[in-house]
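Novice: Would you mind keeping the following structure in view while I ask a few things?
The values are calculated or read from the model by the stated rules, or taken from the named source; none is laboratory data. Keep in mind the model is a prediction, meaning the values are calculated, not measured. Note that each Cβ is placed from the backbone with ideal geometry, even for glycine, and that neighbours are counted across all protein chains shown.
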Amino acid sequence: MTFPRLGVIGGGQLARMMAAPAAELGVPFRVLAEAEDASAAQVAPHVVGDHTRVEDLRAFAATVDVVTFDHEHVPTEHLRVLEAEGVAVRPGPDALVHAQDKLVMRAAVERLGLPNPAWAPASDLEDVLAFGQAHGWPMVLKTARGGYDGKGVLVLADADAARTSAEEGTLGQWLAAGVAPLLAEAHVPFTRELSAQVARTPSGQVAAYPVVESVQTDGVCDVVTAPAPDLDPAVAEAASAAAVRLAEALDVTGMLAVELFETPGVGPGFQVNELAMRPHNSGHWSMDGAVTGQFEQHVRAVLDLPLGDVTALGRGTVMKNLLGGTRKDLHTGFAEALAAHPEAKVHTYGKGVRPGRKVGHVNVVALGERTLADAASAAESAAAVLRDGATPSDPTQEPRP
């Protein structure tokens, strides 16, 4: 059997983490990287190119059989050109645009009857003030395209804050840069953030991972716990069903992450926040904590292979993001961190360390007598040793009952 050749547009850590499962499956794998030292370019065959140039995309697509993505920033019109020329683009541009454009996404969620905060396009300050008056303050403004990890998000406390921001702040900068229309959203009073991930193949097979809890710090994913602790089973079932509904209705192929706000007592107990049509930070736990991790699952899905088992292992898994801190050379902390926490699985991305930059993550699975609280403690400790040279917590400490 000859496997189709898989090409990934984008050379970040997501492409990097697809390389190993592709190799294990025997799938020829290639990356269109933005630079020779990009994260994925360090571990996989690659060519350097610009994802915003249709000529570079065409040349890359000619060397593979299926194209997928490390990020959502490829211009939609370029993907339509590739698809029209017979390239297998997965997910296709008609699906991916819902992850590229938040206004398109909100309209689709509304059309499907899924729980959505009040929203509207906003092209100027008058639109923003009218939305705030109609739906209350505070309110949220987002750039429709290009935002991630808290970037492209603005919370306005009241009308005066909106006017000030338009005159001398972020709103004024956005309007001057021509990024309107913006997405105006009602501020959702939520208890925590959740994520529901599913995989879908071109032939329609779907597999749903357990719904997880995602804790954000300064707009960046910090800790993920899988499955989400103490989540009402009815809410978990409804959230998974919503993710499946979106995957099927939007014709998603590959991984889909549906970020959610938990809203106890309101509707089904959640509202849709955002979508990502690729492996996602909230699914990194599955690399070590599920029978089939999200990166292998994405490779399987876009190549239309049967999907793997998504059962969580042990009592669950805690993932801790490793952000840049005081230690400039992460490797100098490996021996200490791994000796103190042999249960920890450390994944690094080959990136230079900058404060706050995602440079890796740590997974700890709650196996045997270990609880999710034990796993969280070990993951936090291992990450702190790697990040800042902190003293590890006592590895001989008995696990809590």
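Novice: Would you confirm, using the coordinates I've provided, whether residue 128 is within 24 Å of residue 239 (Cα to Cα), β-branched (Val, Ile, Thr) and not assigned by TED's automatic domain parsing to the domain that holds residue 32? Even if it seems obvious, please write down each step before you answer.
Specialist: Details: within 24 Å of residue 239 (Cα to Cα): no; β-branched (Val, Ile, Thr): yes; not assigned by TED's automatic domain parsing to the domain that holds residue 32: yes.
So residue 128 does not fit the description; no.
Novice: Further question: Do we have any residue at all in region 288-303 that's under 26 Å from residue 393 (Cβ atoms), hydrophobic (A, V, I, L, M, F, W, C), outside the structural domain of residue 41 (by TED's automatic domain parsing) and touching a residue at least 60 places away in the same chain (Cβ under 8 Å)?
Specialist: Checked region 288-303: at least one residue is under 26 Å from residue 393 (Cβ atoms), hydrophobic (A, V, I, L, M, F, W, C), outside the structural domain of residue 41 (by TED's automatic domain parsing) and touching a residue at least 60 places away in the same chain (Cβ under 8 Å).
Novice: Another one. Just to be sure I understand, how many residues within region 223-244 are crowded, with 16+ Cβ neighbours inside 10 Å and not hydroxyl-bearing (Ser, Thr, Tyr)?
Specialist: Going through region 223-244 one residue at a time, the tally reaches 13.
Novice: Also, I was wondering about something else. For residues that are touching a residue at least 12 places away in the same chain (Cβ under 8 Å) and surrounded by fewer than 24 Cβ atoms within 10 Å (Cβ to Cβ), tally how many sit in region 254-265.
Specialist: 5
Novice: Can I ask one more? Go through (1) under 25 Å from residue 292 (Cβ atoms); (2) surrounded by 16 or more Cβ atoms within 10 Å (Cβ to Cβ); (3) not acidic (Asp, Glu) and name the single condition residue 41 misses.
Specialist: (1)
Novice: Kindly list, by first and then second residue, each pair from a residue in region 368-387 that is under 19 Å from residue 358 (Cβ atoms) to a residue that is in a helix (DSSP H, G or I), limited to pairs with Cβ atoms under 6 Å and residues at least 6 apart or on different chains.
Specialist: Sorted first by the residue in region 368-387, then by its partner, the pairs are 382/337; 385/333; 385/336; 385/337; 386/330; 386/333; 386/337.
Novice: Now for a separate question. With over 20 Å from the mean Cα position of the chain (by Cα), at positive phi and modelled with pLDDT under 95 as the only criterion, which of 152, 178 stands out?
Specialist: After applying the criteria, what remains is 178.
Novice: Which residues, taken from region 186-213, are out of contact with any helix residue (DSSP H, G or I) (no Cβ under 8 Å at 6 or more places or on another chain), over 30 Å from residue 300 (Cα atoms) and surrounded by 15 or more Cβ atoms within 10 Å (Cβ to Cβ)?
Specialist: Across region 186-213, the qualifying residues are 187, 188, 190, 192.
Novice: Could you check region 181-218 and list, in sequence order, the residues that are touching a Gly at 6+ places or on another chain (Cβ under 9 Å) and among the polar types (S, T, N, Q)?
Specialist: Hits for region 181-218 are 195, 197, 201, 216.
Novice: Still on this structure: Which ones in region 189-221 are assigned to a loop (DSSP other than H, G, I, E, B), on the phi < 0 side of the Ramachandran plot and not small (Gly, Ala, Ser)?
Specialist: In the first step, residues of region 189-221 are kept if they are assigned to a loop (DSSP other than H, G, I, E, B); the result is 189-191, 201-205, 209-211, 218-219.
Filter once more, so that each one left must be on the phi < 0 side of the Ramachandran plot: 189-191, 201-203, 205, 209-211.
Correct list: 189, 190, 191, 201, 202, 205, 209, 210, 211.
Novice: Cβ-Cβ distance below 6 Å, separation of 6 or more or different chains: which pairs start in region 179-200 with a residue that is of a type in the set (Asp, Glu) and end on one that is modelled with pLDDT of 95 or more?
Specialist: Every condition considered, the pairs that remain are 185/117; 185/119; 185/140; 193/214.
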